[in-house]
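Report on one structure; see the data block that follows.
The values are calculated or read from the model by the stated rules, or taken from the named source; none is laboratory data. Values in this document were obtained by computation on a predicted structure and should not be read as measured data. Glycine also receives a Cβ, built like all others from the backbone with ideal geometry; neighbour counts cover every protein chain displayed. Accessible surface areas use protein heavy atoms only, side chains included; no ligands, DNA or RNA. Shrake-Rupley method; radii C 1.70, N 1.55, O 1.52, S 1.80 Å.
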Amino acid sequence: MAAALRSSPLAHALATLHPEWIEVAGMPLASKLRDDRPDRSAKLGICDLSALPRIGLKGPGAADWLSARGVPVPDQPNTWSALEGGGAVARLARTEFLVEDGFSGKAVARLAPDLKPGSPGVYPVPRQDCALALTGELVNELLVQTCNVDFTAQTRDARVVTLTLMVGVSVTVLQQRLAGTDCWRLWCDGTSGPYLWETLTGIAAELGGGAVGFASAFPDAQLQNLQ
Amino acid sequence: MSSRLPPVTGEWIDRSRGVDFTFDGRAYRGCAGDTPASALWAADVHVLGRSFKYHRPRGVLSLANHDVNTMMQAGARLNLRADVEPLEQGMALTSVNTAGGASGDRLRILNALGGFLPVGFYYKAFHRPKALFPFWERVFRRMTGLGTLDFGAPHIRTPKRYDFCDVLVVGAGPAGLHAALAAGRAGAKVVLVDENARIGGSLGYQRGGSIEGFEMLRDLERDLADLPNVSVRPGTLAAGYYADHWIPLVDAQRMTKLRPRAVIVAGGAFEQPAVFRNNDAPGVMLASAAQRLLYRYAVKPMDKALVLTANADGYRAALDLMAHGVAIAAVADLRADGEPSALSMRVKQVGIPVLKSHCVLEAEAVGDRLVAATVCPTGADGKPDTASPQKFACDGLVMSVGWAPAAALLYQAGASMRYDTTTHQFVPERLPAGVFACGRVNGVYALDSRCEDGERAGTEAARHLGFDTPERSFSIAPERSPPSHPWPIVEHPAGKNFVDFDEDLHLRDFHNAAQEGFDNIELMKRYTTVGMGPSQGKHSNMNAIRVLARIRGVSPGEVGTTTARPFFHPVPLSHLAGRGFNVHRETPLHSRHDGLGAVWMQAGVWLRPEYYALPGKRKSEIVRDEARAVRDAVGLIDVGTLGKMELYGPDAGAFLERVYTAKFSGMKPGTTRYAVMLDESGVVIDDGVVARLSEQHFYFTTTTTGSTTVYRELQRWNAQWNLEVGIVNATGAFAAMNLAGPKARAVLRKLTSLDLSNEAFPYLALREADVAGVPARLMRVGFVGELGYEIHVPADRAARVWDALMEAGQDDGIRPFGVEAQRLLRLEKGHIIIGQDTDGLTQPDEAGLEWAVKVDKPFFVGKRSVEIVRKNGPRQKLVGFELDAIGASTAPRECHLVVRNGAIAGRVTSIAWSDTLGKHVGLAFVAPDMTELNSPFFIRADGGTMVQARVVPTPFYDAEGLRQKVVD
């Protein structure tokens, strides 16, 4: 793999796990970890998806800006709508949005060039997130040890977006079926990423899970448009 | 000898599994399921500990988690509650607060000196002569304390977790069990907790010689098992109530923060001791304690007992004891009419004599063992008639004279309580929404009534949450006789009639306290320390209230209760600590610093390199070398921890004019400006650099620790002002590094096509260009006083830029520098750090920031305060200083005081040795009349040494600023 331009907030932490890298949107993504076990993702896997392309925007004109470009805008704050290719549009507040492509999405690549300062009422929000996916049957046990929100009360179909604190870090959380795998998605500021990763993987290890590579967490995923 | 009974139905012990342990060095054997107290009592060991003050022998009192005098130490483990905690194989238990063990405690001599140790004696004694105070302090430190702290004890990780349910039921006695069933049957997700190892509460042990209650418990357990939506958690304490129904549940492993939608408090009541002389002798115990010994641990509490009672429970205890071979000398009933229920007849039928209107005057112990009790008739005034005492030989005395509701959670939830004269206890008068009470805590005692009350509470809670439950009326019968006696207290001229067993407070102590004016319950609590011991007044507060009420001639209701604060029962520190999360943020360059040997320091929530370690070099050398590299060549520092904000919109300039003290509307794109932020009271709270990217787009920095607060404040302000702006906190989205030093331009030139000439990119300008192929924002600023470029790039490409700069600077001797070197460099320039050279009261004029405050603007936050303060003049002024003694060996440090005429006149905010300047320089707050240049002042350094300093102008280095404005 040629030297990628971008690096994940977790690049350093992942490097210690002896990963096999693939490049996604100019950023290395840990496809496999040396100690990946087949059952770990099913039990409790934590996967770095920071490489997925994403944009953020806010302002009174943000919703219209997205709609005008054919993006399905969620009706209510704290909900999300699906994008073709497994992506999501999360309405973080009345006038703020996060758009992230899935494994075969191309919406961000299409939208990003247009998102520049100067559009009236539309303000770009740079997104340099640490983005994770939590998979497996023990996810809720991890969540109840780290966050005071009752995620069991949320159904996947309700498409709820939760902005809360997890072990002291501001996070955005939603439940998603991604490439055939049920998972909880989690975004935080990249600078808090290493601490959150270390904390979550530490607890997950106690529960019999831990860090997993992308190929382990999403065995059916097909990466298109992103490489 | 052993007092272990043959198998008892429902016993908690497993006789097939013996447990070996030692207590004060002697070996014993108990059973799995025993507690240390029950196993020792079974082994006929009755002195389980010593009292706190008088070192009197103490045995079983409650066996309900408040036998504080029998707390033990097990190796490194402190505060082991011997009355309830499970006995473990190989436990090496020792008594605490003794000299020579529980049975042979040499400090028991203090019991004879009690007359010299009245309540509050320590407030008045040992202060004079003053010189002896340290001696007494050492003596008392040696004598007091419960156990020996082992600093080598392993750290036990007790992860906390959150949990959620519809209904939490606290207490799994008959009321709680019925409440849980009712709510569970209505469809609610229920959590039922009980602090005891098994559920059932009094159904398991208050049997009255009958098996009926226990069989009811079996039925209830079966019913619960049929409800998968009811989670039963024994061994779990609901330790407090916090707003919005947050309840910490504490079990052996962890604390769970539970958030139920409704709470039912069915915690029952604490049985209360009677107060009479020697009511603490081993063998004197609460009736419920004797019953717990019988039915939980199959231990015969005594051979012959006197029962002192004032309610039906005492009669049940007498029957229970008799059913297990304990001879009953008599039942002494405080009430004139005795027990109105059929229990009275049953007691008489088995031949137990009942003495109505009788009290216990005193218990008599020989050695450490109860041998007799003296009983007297009680007069109409409640006082004993000592003219006709009867003495009963007995080795046990059980007391059942009343109860105090376990209402701490209700108080904490904001319940209004009243003193009920039909039950002689405090009962809920008004409960907050979503909080319910049932059973004894609700003033309901008869078993059938408790069951119905529980069902009522469970039904009401379910209905409150919207669960569909059939309409049903509940009728709780009033109590036939008060379960508590209003005055179970007997005075005795020789004292030692204890009200508080934790703190060794006897009745006379309360009279003394009241006499000294502490006749309010809160004051009395603090003066006497009643209820302040580890049991938190569970067995003493109610009697203390009764005593104070009688002293003042008012009702207990008028006396009121003390404040019930969470946690209402001690919680292990390990549980409170949990995992001990250490929240921190790392810049995108963290791994680069690691590779360079960074020594980390915490700056707010950030980890920053303090300096970069080098083999064989001390920190001070390295910091000076790093600073020297910046002055002589070029250095690179990660400043990504600065807060970074984007501000968009047509009102962006106007918005900045309001939040900062300077003017921004007229700024040209491509320029930067220093900015100071005040709060409404005019105090300096933050500073940074504002850069204008375009007409409607600003980018500005805040201090490292200020970004979150500033962002929140900006949002708050604009919620009021409603200006057309968009504020984005981009702190984590951008990395930032400062390339500084005379060779900075040469290094940067290798990586960008941007024209770096002074004309094209002058001091304080902003430019956007690629650096090492990465789009960057470059600001020519000079915090460290050299030619410098602050380079801001997207976080995910920061490492690439850092690497490129380090490589490009190789030939020019580039060196990374840390926070320590930066602090020194900026001090040489006299630049202040907000939060270090200012504090929570500093006005801009005091910190020398007058020039940055434009009061000719119509408005900015804090303007009005600044104008008011200016009328009065500053309280202090920040000045630069240098030490007169060059290379002083006793240099002052930050926060050392400036002293004038023996009074504090200021303090040092920053100080450092500057190699560049060859002297110590610093900043200090001094009185306004001490700011004259070259005037001397004194700083009190370590050890009281007075060091002379002199006011000098700042900057200390490059006063004209030529180095940072350097031209090609």
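Yes/no per residue for (1) open to solvent by less than 10 Å² (accessible area, probe 1.4 Å); (2) under 24 Å from B:Leu589 (Cα atoms):
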{"site": "A:Gln176", "(1), (2)": "yes, no"}
{"site": "A:Leu200", "(1), (2)": "yes, yes"}
{"site": "A:Gly210", "(1), (2)": "yes, no"}
{"site": "A:Ala215", "(1), (2)": "no, no"}
{"site": "A:Pro219", "(1), (2)": "no, no"}
task: For the range A:18-38, state whether one or more residues are under 16 Å from the mean Cα position of the chain (by Cα), part of a loop (DSSP other than H, G, I, E, B) and within 9 Å of chain B (Cβ to nearest Cβ).
output: no
query: Does the range B:102-125 contain at least one residue that is assigned to a loop (DSSP other than H, G, I, E, B), open to solvent by 40 Å² or more (accessible area, probe 1.4 Å) and either in contact with a Phe, Trp or Tyr (Cβ under 6 Å, 6 or more places away or on another chain) or β-branched (Val, Ile, Thr) (or both)?
result: no
- prompt: So which of B:Ala182, B:Ala175 ends up being under 24 Å from A:Asp150 (Cβ atoms) and either charged (D, E, K, R) or not in a strand (DSSP E or B) (or both)?
  reply: B:Ala182
task: Working carefully through the options B:Arg745, B:Arg749, B:Arg777, B:Arg716, find the one that is in contact with a Phe, Trp or Tyr (Cβ under 9 Å, 6 or more places away or on another chain), away from chain A (no Cβ under 14 Å) and surrounded by fewer than 22 Cβ atoms within 10 Å (Cβ to Cβ).
output: B:Arg745
task: For B:Glu894, work out the one condition from (1) surrounded by fewer than 19 Cβ atoms within 10 Å (Cβ to Cβ); (2) touching a residue at least 60 places away in the same chain (Cβ under 8 Å); (3) of a type outside the set (A, V, I, L, M) it doesn't fulfil.
output: (2)
task: Return yes when A:Thr95 is hydroxyl-bearing (Ser, Thr, Tyr) and without any contact (Cβ under 8 Å) to a residue 60 or more places away in the chain and no when it is not.
output: yes
Among (1) within 23 Å of B:Pro762 (Cα to Cα); (2) more than 14 Å from chain A (Cβ to nearest Cβ) - the single one B:Ala821 does not satisfy: (1)
- request: Would you check which residues across the range B:566-605 are on the phi > 0 side of the Ramachandran plot and modelled with pLDDT of 95 or more and list them?
  value: B:Gly597
- request: Considering only the range B:752-774, state which residues are in contact with a helix residue (DSSP H, G or I) (Cβ under 9 Å, 6 or more places away or on another chain) and within 14 Å of chain A (Cβ to nearest Cβ).
  value: B:Val771, B:Ala772, B:Gly773, B:Val774
message: I'd like to verify a number: residues in the range A:60-102 that are within 14 Å of chain B (Cβ to nearest Cβ), in contact with a helix residue (DSSP H, G or I) (Cβ under 8 Å, 6 or more places away or on another chain) and part of a loop (DSSP other than H, G, I, E, B), how many?
response: 1
- prompt: If you take just the strands (runs of 3 or more DSSP E) that sit entirely in the range B:553-646, which of them hold at least 1 residues that are polar (S, T, N, Q) and touching a residue at least 24 places away in the same chain (Cβ under 8 Å)?
  reply: none
message: I need a count of the residues in the range B:588-633 that are touching a helix residue (DSSP H, G or I) at 6+ places or on another chain (Cβ under 9 Å), open to solvent by less than 40 Å² (accessible area, probe 1.4 Å) and more than 25 Å from A:Gln128 (Cβ to Cβ).
response: 11
message: Cβ contacts < 6 Å: first residue within 12 Å of chain A (Cβ to nearest Cβ), restricted to the range B:249-262; second residue part of a strand (DSSP E or B) and hydroxyl-bearing (Ser, Thr, Tyr), any location; separation 6+ or different chain. Result?
response: B:Lys257/B:Tyr162
query: Filter the range B:535-586 for residues that are more than 14 Å from chain A (Cβ to nearest Cβ) and aromatic (Phe, Trp, Tyr); which is surrounded by the most Cβ atoms within 10 Å (Cβ to Cβ)?
result: B:Phe568
message: Out of the residues in the range B:637-696 meeting the condition of being within 41 Å of the chain's Cα centre (by Cα) and among the polar types (S, T, N, Q), tell me which one is surrounded by the fewest Cβ atoms within 10 Å (Cβ to Cβ).
response: B:Ser681
field: Within the range A:39-59, tally of residues that are assigned to a loop (DSSP other than H, G, I, E, B) and touching a residue at least 12 places away in the same chain (Cβ under 8 Å)
entry: 6
- request: For B:Lys383, work out the one condition from (1) over 21 Å from B:Trp487 (Cα atoms); (2) open to solvent by 60 Å² or more (accessible area, probe 1.4 Å); (3) touching a residue at least 40 places away in the same chain (Cβ under 8 Å) it doesn't fulfil.
  value: (1)
- request: Consider B:Ala654 carefully, then state whether it is at pLDDT below 95, at negative phi, out of contact with any Gly (no Cβ under 7 Å at 6 or more places or on another chain) and away from every other protein chain (no Cβ under 14 Å).
  value: no
- line: Looking across the range B:146-173 at residues that are open to solvent by 30 Å² or more (accessible area, probe 1.4 Å) and of a type in the set (Val, Ile, Thr), the single one that is farthest from the other protein chains (Cβ to nearest Cβ) is B:Thr148
query: What helices (runs of 4 or more DSSP H) completely inside the range A:127-218 contain at least 1 residues that are out of contact with any Ser or Thr (no Cβ under 6 Å at 6 or more places or on another chain), at the interface with chain B (Cβ under 8 Å from one of its Cβ atoms) and of a type outside the set (Gly, Ala, Ser)?
result: A:139-146, A:193-206
query: Looking at the range B:506-528, which of the residues that are under 27 Å from the mean Cα position of the chain (by Cα) and open to solvent by less than 20 Å² (accessible area, probe 1.4 Å) is nearest to B:Asn279 (Cα to Cα)?
result: B:Thr528
- prompt: Mind checking whether some residue in the range B:842-852 is open to solvent by 20 Å² or more (accessible area, probe 1.4 Å) and of a type in the set (Ser, Thr, Tyr)?
  reply: no
- request: Give the residue, chosen from B:Glu657, B:Glu680, that is assigned to a loop (DSSP other than H, G, I, E, B), outside the structural domain of B:Arg777 (by TED's automatic domain parsing) and more than 23 Å from B:Gln822 (Cα to Cα).
  value: B:Glu680
task: Hand me the list of helices (runs of 4 or more DSSP H) wholly inside the range B:728-833 holding 3 or more residues that are more than 30 Å from B:Pro844 (Cβ to Cβ) and not assigned by TED's automatic domain parsing to the domain that holds B:Gly922.
output: B:744-749, B:798-808
- request: From the list B:Ala735, B:Ala798, B:Ala730, pick out the single residue that is within 14 Å of chain A (Cβ to nearest Cβ), among the aliphatic types (A, V, I, L, M), within 24 Å of B:Val659 (Cα to Cα) and within 45 Å of the chain's Cα centre (by Cα).
  value: B:Ala730
- prompt: What tally of residues in the range A:5-17 results from selecting those that are part of a loop (DSSP other than H, G, I, E, B), surrounded by 21 or more Cβ atoms within 10 Å (Cβ to Cβ) and either at pLDDT below 95 or at the interface with chain B (Cβ under 9 Å from one of its Cβ atoms) (or both)?
  reply: 4
